[in-house]
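*Asks:* Encoded as structure tokens, here's the structure I'll be asking about.
Just so you know, all these numbers are worked out from the coordinates, no wet-lab data involved. This one's a predicted model, so the numbers in the text were calculated from it and none came from an experiment. Here the Cβ is made from the backbone with ideal geometry for all residues, glycine too, and neighbour counts use every protein chain on show.
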Amino acid sequence: MSAASTPARGWNTPLRRGLAIFAMVFLLAVVTGISQGSASILLILTQATAYALIALGLNIQWGYGGLFNFAIMGFLMVGGAATVFLSYPVNAEFWHSDGPLLLGRALVAFLIGLGLVWAARQSHRIGLGGKARTALVVIAWFAAYIIYRSQIDPAAAYIESTAGFVGGLGLHPVLGWAFGGLVSAIIAYYVGRICLGLRTDYLAIATIGISEILRALIKNMDWLTRGTMTVSPMPWPTPLPQELQAAGFSIANSFVFARLGFLALAAVILVGAFVLVQRAYGGPWGRMMRAIRDNHIAADSMGKDVTGRQLELFILGSILMGVGGAILATFTQIFDPSGYQPINHTFMIWVMVIVGGAGNNWGAVLGAFLIYIVWIISDPLAQVIFLNLSSLTNSLGWGAIPEIDSRALQMRVFVLGVVISIALRYAPRGLIPEVVRRET
Amino acid sequence: MALIELKHVVAGYGGAPILNGVDIAIDKSDIGVIVGPNGAGKSTTLKAIFGLLEVTGGTIEFGGENIANSLPDRLVPKGLGFVPQEKNVFTSMSVEENLEMGAFTRRDDFSETMQWVYEMFPVLAEKRRQPTGELSGGQRQMVAMGRALMSRPTLLLLDEPSAGLSPRYVIEIFETIVRINQEGVGILMVEQNARQALAFASKGFVLAGGQNRFTGTGAELIADPEVAKSFLGG
Amino acid sequence: MDELIFFINRVLISGTVLGSIYALGAIGVTLIFGILRFAHFAHGDMMTMGAFVAFLLASVLAAMGIILPLPMAFVVLPLAMAITAFLALGIDKAFYAPLRRQGAKPVTLLIASIGVTLMIQGLVRLLFGSGTRPLFVAGEAKDIFRIDMSWAGGSRPISITEPQVLMFVVTAILVLALHFFLTRSRLGKAMRAMADNADLAQVSGINTALVVRVTWVIAGALACVAGTMLALDVALMPDLAFNIVLPIFAAAIVGGLGHTYGAIVGGFLIAFAETLAVFNWTAILRPLNAVLPEGWSLPANLALVPTEYKLTVAFVILVITLLVRPTGIFKGAST
């Protein structure tokens, strides 16, 4: 990740290479489009756009800040859950029941618990020190937990048995996306406050742990997110295929144009975020960030607020991740907590950024599109291979290969592993590495 | 023939070289001492011999072959021993286990050698089962040297053996070094305590800026007013 | 008495089984961290790999008509361990050693191990399908030993399955063997030396390449045992060990990274923490109902944490340990 300065002279290497690689990815997309159909390629591109936004977020955290965030999946889920809450149609049953009242009481219990813990932490003001204070704080946490559980358990049980779940507020999806970013930012603040002091690989492990905790919570809070029963269908900010059909489009065309509309919106958001981040990177703020990343200790001794800046980066990156996660949830129209896997939603993003080029926004976006397309086409490619293999074994008398569909799906995981192993070994700085402008 | 001979050695950590053509030669009977100001390349010379950094020029002849850029663990069976300045003991292991590790390359029975080390450092015999991390600085230095002696080296490299030790231990360590040399081990050491070390050095090398400045017996160097003024002042 | 039996069955026995599995996995992780200085995220999948190797061998033997009174997976264990150790060496040579030679940072190696995780997971699912299956072949079934407790006033037996008994025995043997290896043998001490101070080990003449190979052999063999035991106790599935990676890391970190005994202690600690956290304490405290005043009674379910959150307990312990005391109980490596 250490930047090397490459002479950006004229029509020479970095620019040309970058363009060549972009051209290749474009070609790849076109070929896939021809073989899979335009509706399919539009689906892939739209999701890739969302992932590009997320990769941009990771680039801010790692590429700029050197922060090893492996909780990406958690932020995606949070973004998705947030947009569910804001944009899903209102669940009238819930609002007419005792649900809100019970939830209100649980909220009060939550606040009381928080207050208890805060009070315990202030106990040093009345002279309690060291071990006594720690013991008091631990007891306070315990008590807070029990108080909260005593209210939330019956509330949750009630909601689940009557209205099913809280439902949404029925607002516009784009607001939901913004809300996703906001909630991610808040969670990132707390996670960052706690974790950012850790050394790099410990930070990675801690964030994986936090991501799993978040997943367990979101998956099991059926009263809020419907848990494993999933929420669908989610409303779109642009016309749905069904709506277009009603307006007279053919079925095939309706999908194409509906997705085109969504893609346009997502692309606008991506471009907007990209421009903002690029400009920040080039300016004094970006220079300071890179100085901190490249030499922690020196920057600290110069008086720069290292931890504060790192927290800033962490939050900014998480906002993009939250928005990206919200966009994905809205696009697929389903929010399914069990569908979030570390492989798909954390590791893949890392592969995108590493292969694309950490520290370089173009690299992150390129990596996102490239890896996502590779990820998707691994499945049909594997299917073809397996089918041929299967007819071979059949003719040899060993019988056909069972479950080709699900096995071919696993090829994606394998390919991802191979890609990242090759990238680490032969192109550790990525396809479009960071270009450091010589500053005199 | 000299036990070890460095000829115009150029070496560094990959960037600009720290050693710029260093010549050193000592025999088995010698106690060689390298002194000089900070940054002169004293420790670097020892590390270059022991394969811990890259030698880009010159030769290091030991036992008839050029050992420049060898792997450290290949040099121990050849008869070289090295006592680093810092982190020179296995703190989580007992004294006796540290010594055993020094004998790792030996396939024969090394109990005699261990006896010899315990005779040289009686204090260690008492504390043989104690974790080395619990010993005092001076005792740890003894363990470090004992560990290097277990492989029965013909040449022992010591990087600032008196660093951080109280004056009483410094004298003891130097006396032990003389004794080791008398028992047939060549010594090449780097020292900050220049005057004290040169007092019993049979060969002294003053380095500055990665090159030789003065060479002679220890007594000659101490007596030389130019050397004393520039390098032995403090 | 019944309550005590319930406690023994639900907590003591299952906690010890889980603890053994965590301990064996954590030892591998902590050894790799101590000697190779990186977090080997692919360890869980190494366990899965080992379990599938055992499954293959057992199936092959069963197909050849060889059936023994013990579960076949145990019978093939030594061979499976050897194969897994060999595979572990291969993986290091192909994926980690080249990066080490390039001077890669620990985090790069962590990411490389994630790449290995993905490849093993994908490969295993490709070859074996995503389904779940029991690790018993050719009609074997789980033998359950029931110890009658009526002589002590209990109305239910203490039940323990055959695989669980074998697990205790195997774990005890392996831990003992490892202890002797590390404290009595030349190579074992060299491993401890290298974990203590790698530079000094090299300077002392210790063949560091050899020590690295031995580390992978031990880690691979232990991972195989842990994975096979887990599969015997639960079931064999490709997801098997991915869920286990974090609790194992938690165990290794809690015990102090680099400390083998710490890993064992950590493994049992985490296992019992999980088991006790989801345990329904009401079952034991039922006799108290008689003592409580009229109208009051214990809630039906007095578990600290709902069962869905069982694994979450390990994650929480992991995060808390990293924040509060990253060196763990036995003061291993940290920042």
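*Asks:* Count the net charge of all other residues whose Cβ sits under 15 Å from the Cβ of residue A:88, scoring Lys and Arg as +1 and Asp and Glu as -1. Can you show the working numbers first?
*Replies:* On the way: positive: A:226; negative: A:93, A:222, A:336.
Net local charge, residue A:88 excluded: -2.
*Asks:* To continue, here is another question. Name the residue farthest towards the positive end of the dipole of chain A from the options A:282, A:52, A:323, assuming +1 on Cβ of Lys and Arg, -1 on Cβ of Asp and Glu, about the Cα centre.
*Replies:* Positive-most Cα among the choices belongs to A:282.
*Asks:* Highest mean first, how do A:359-370, B:142-153 rank when packing is the count of other Cβ atoms within 10 Å averaged over residues? Please report the intermediate quantities before stating the final value.
*Replies:* Working: A:359-370: 26.3, B:142-153: 24.8.
Output ranking for A:359-370, B:142-153: A:359-370, B:142-153.
*Asks:* What value, in deg cm²/dmol to 500, does the helix sum -39500 (n - 2.57) over DSSP H runs of n ≥ 4 give at 222 nm once divided by the residues of chain B? Provide the component values of the computation, followed by the final result.
*Replies:* Details: 10 runs with 85 residues, N = 234.
Mean residue ellipticity, 222 nm, calculated: -10000 deg cm²/dmol.
*Asks:* How big is the charge dipole of the protein assembly as shown about its Cα centre, in debye rounded to the nearest 20, if each Lys and Arg gets +1 on its Cβ and each Asp and Glu gets -1 on its Cβ? Provide the component values of the computation, followed by the final result.
*Replies:* Details: 68 positive and 60 negative charges, 288 e Å.
The calculation lands at about 1380 debye.
*Asks:* Oh, and also: For the range B:86-152, max minus min Cα coordinate along each principal axis, in Å, sorted largest first?
*Replies:* That gives 31, 21, 18 Å along the principal axes, largest extent first.
*Asks:* Filter C:105/C:189; A:219/C:310; B:28/B:87; B:87/C:93 down to the pairs with a C-alpha to C-alpha distance above 21 Å, please.
*Replies:* Numbers: C:105/C:189 26 Å; A:219/C:310 13 Å; B:28/B:87 27 Å; B:87/C:93 30 Å.
With Cα atoms farther than 21 Å apart: C:105/C:189; B:28/B:87; B:87/C:93.
*Asks:* Kirkwood hydrodynamic radius for the range A:328-398: how many Å is it when counted over pairs of different Cα atoms? Could you put the intermediate results ahead of the total?
*Replies:* Numbers: mean 1/r = 0.0682 Å⁻¹.
Result for the range A:328-398, one decimal place: 14.7 Å.
*Asks:* Calculate the mean, over all residues of peptide B:98-111, of how many other protein chain Cβ atoms lie within 10 angstrom of the residue's Cβ. Don't skip to the end; give the middle numbers.
*Replies:* Details: counts 5, 0, 5, 13, 5, 3, 10, 4, 1, 0, 0, 0, 0, 0.
Mean partner shielding for this stretch: 3.
*Asks:* Once the dipole of chain C is set up with Lys and Arg at +1 and Asp and Glu at -1 on Cβ about the Cα centre, which of C:307, C:208, C:271 lies farthest towards its positive end?
*Replies:* C:208
*Asks:* Given bins 5 angstrom wide, list per bin the percent of all Cα-Cα distances in chain B, short to long.
*Replies:* Histogramming chain B at 5 Å steps yields 1, 7, 15, 19, 20, 17, 12, 7, 3, 0, 0 percent.
*Asks:* Once whole DSSP H runs in chain A are found, which of them have Cα atoms spread over 27 Å or more along the helix axis and a mean Kyte-Doolittle score of at least 0.5? Please report the intermediate quantities before stating the final value.
*Replies:* Values: long enough: A:13-36 (34 Å, 1.36); A:38-58 (29 Å, 1.77); A:99-121 (33 Å, 1.58); A:130-161 (46 Å, 0.61); A:173-195 (32 Å, 1.41); A:200-220 (30 Å, 0.79); A:251-282 (46 Å, 1.67); A:306-332 (39 Å, 1.32); A:361-395 (51 Å, 1.20); A:404-426 (32 Å, 1.14).
Helices meeting the criterion: A:13-36, A:38-58, A:99-121, A:130-161, A:173-195, A:200-220, A:251-282, A:306-332, A:361-395, A:404-426.
*Asks:* Something else now. What is the P(r) of chain A, as percent of Cα-Cα pairs per 10 Å bin from 0?
*Replies:* It works out to 4, 17, 27, 24, 17, 8, 2, 0, 0, in whole percents.
*Asks:* What's the magnitude of the charge dipole for the range B:86-152 around its Cα centre, counting Lys and Arg as +1 and Asp and Glu as -1 at the beta-carbon? Answer in Debye, nearest 20. Can you show the working numbers first?
*Replies:* Values: 9 positive and 10 negative charges, 34 e Å.
Computed charge dipole of the range B:86-152: roughly 160 debye.
*Asks:* Additional query: What pairs in B:42/B:229; B:78/B:203; B:203/B:229; B:47/B:229; B:47/B:78 have C-alpha atoms more than 21 Å from each other? Intermediate results must be reported in sequence, preceding the final value.
*Replies:* Values: B:42/B:229 19 Å; B:78/B:203 23 Å; B:203/B:229 19 Å; B:47/B:229 28 Å; B:47/B:78 16 Å.
Exceeds cut-off: B:78/B:203; B:47/B:229.
*Asks:* Also: Ignore the peptide's own chain and count Cβ atoms of other chains within 10 Å of each Cβ in A:206-217; give me the average, rounded.
*Replies:* Working: counts 9, 1, 8, 14, 4, 2, 9, 8, 2, 2, 9, 2.
Mean number of neighbouring Cβ atoms from other chains: 6.
*Asks:* Follow-up. If I take R0 = 51 Å and measure r between the Cβ atoms of residue C:177 and residue C:281 in this structure, what FRET efficiency does the formula 1/(1 + (r/R0)^6) give, to the nearest 0.05?
*Replies:* Working: r = 38 Å, r/R0 = 0.74.
Here the calculated transfer efficiency is 0.85.
*Asks:* Give me the Kirkwood hydrodynamic radius of the range A:92-164 in Å, from all C-alpha pairs, to one decimal place? Write down the numbers at each step before the final one.
*Replies:* On the way: mean 1/r = 0.0738 Å⁻¹.
Its Kirkwood hydrodynamic radius stands at 13.5 Å.
*Asks:* What is the Cα centroid distance between the range C:68-125 and the range B:1-78, reported in whole angstrom?
*Replies:* 40 Å
*Asks:* Would you mind ranking A:268, C:17 so that the residue whose beta carbon has the fewest other beta carbons within 10 Å leads the list? It would help to have the intermediate numbers written out before the result.
*Replies:* Working: A:268 11, C:17 24.
The order, fewest Cβ neighbours first, is A:268, C:17.
*Asks:* Another question about this same structure. Determine the sum of side-chain charges near residue A:166: Lys and Arg each +1, Asp and Glu each -1, restricted to other residues whose C-beta is under 11 angstrom from that of residue A:166.
*Replies:* Numbers: positive: A:226; negative: A:93, A:160, A:222.
The answer is -2.
*Asks:* While we're on this one: Taking each residue of A:404-415 in turn, how many C-beta atoms of other protein chains fall within 10 Å of its C-beta, and what is the average?
*Replies:* Taking the mean over all residues of the peptide, I get 5.
*Asks:* What is the Cα convex hull volume of the range A:159-242 when expressed per residue in Å³? Show your work: numbers first, answer last.
*Replies:* Working: hull volume 11.6 nm³, N = 84.
Spread over its residues, the Cα hull of the range A:159-242 gives 138 Å³ apiece.
*Asks:* Here's another thing I want to ask about it. If you fit an axis through the alpha-carbon atoms of helix C:77-91 and take the longest principal axis of the Cα set of chain C, what angle between them do you get, 0 to 90°, nearest 10?
*Replies:* Approximately 50 degrees, to the nearest 10.
*Asks:* Using just the alpha carbons, could you tell me how many Å³ per residue the convex hull of chain C encloses?
*Replies:* Cα-based convex hull of chain C, divided per residue, equals 161 Å³.
*Asks:* While we're on this one: When only alpha-carbon atoms are used, what values of Rg and Dmax, in angstrom, describe the protein assembly as shown?
*Replies:* Reported Rg and Dmax, both Å: 33.0, 107.
*Asks:* Return the calculated 222 nm mean residue ellipticity for chain A, to the nearest 500 deg cm²/dmol, obtained by summing -39500 (n - 2.57) across DSSP H runs with n ≥ 4 and dividing by the residue count. Before the final figure, lay out each step's value.
*Replies:* Working: 17 runs with 318 residues, N = 440.
It comes out at -24500 deg cm²/dmol, rounded to the nearest 500.
*Asks:* Let me ask you something else. Taking the Cα atoms of the range C:1-91, what is the range of coordinates along each of the three principal axes, in descending order and whole Å?
*Replies:* Between the extreme Cα coordinates on each principal axis of the range C:1-91 lie 53, 45, 15 Å.
*Asks:* How big is the gap, in Å, between the Cα center of the range A:66-136 and the Cα center of the range B:88-131?
*Replies:* About 58 Å separates the Cα centre of the range A:66-136 from the one of the range B:88-131.
*Asks:* Compute the separation of the alpha-carbon centres of the range C:217-236 and the range B:181-234 and state it in Å as a whole number.
*Replies:* Taking the Cα centre of each part, the range C:217-236 and the range B:181-234 sit 61 Å apart.
*Asks:* Name the residue from B:104, B:142, B:88 whose Cα lies farthest towards the positive end of the charge dipole of the range B:86-152, charges +1 on Cβ of Lys and Arg and -1 on Cβ of Asp and Glu.
*Replies:* B:88
*Asks:* Next question. 222 nm [θ] for chain C, helices only, -39500 (n - 2.57) per DSSP H run of 4+, per residue, to 500? Don't skip to the end; give the middle numbers.
*Replies:* On the way: 15 runs with 215 residues, N = 335.
Mean residue ellipticity, 222 nm, calculated: -21000 deg cm²/dmol.
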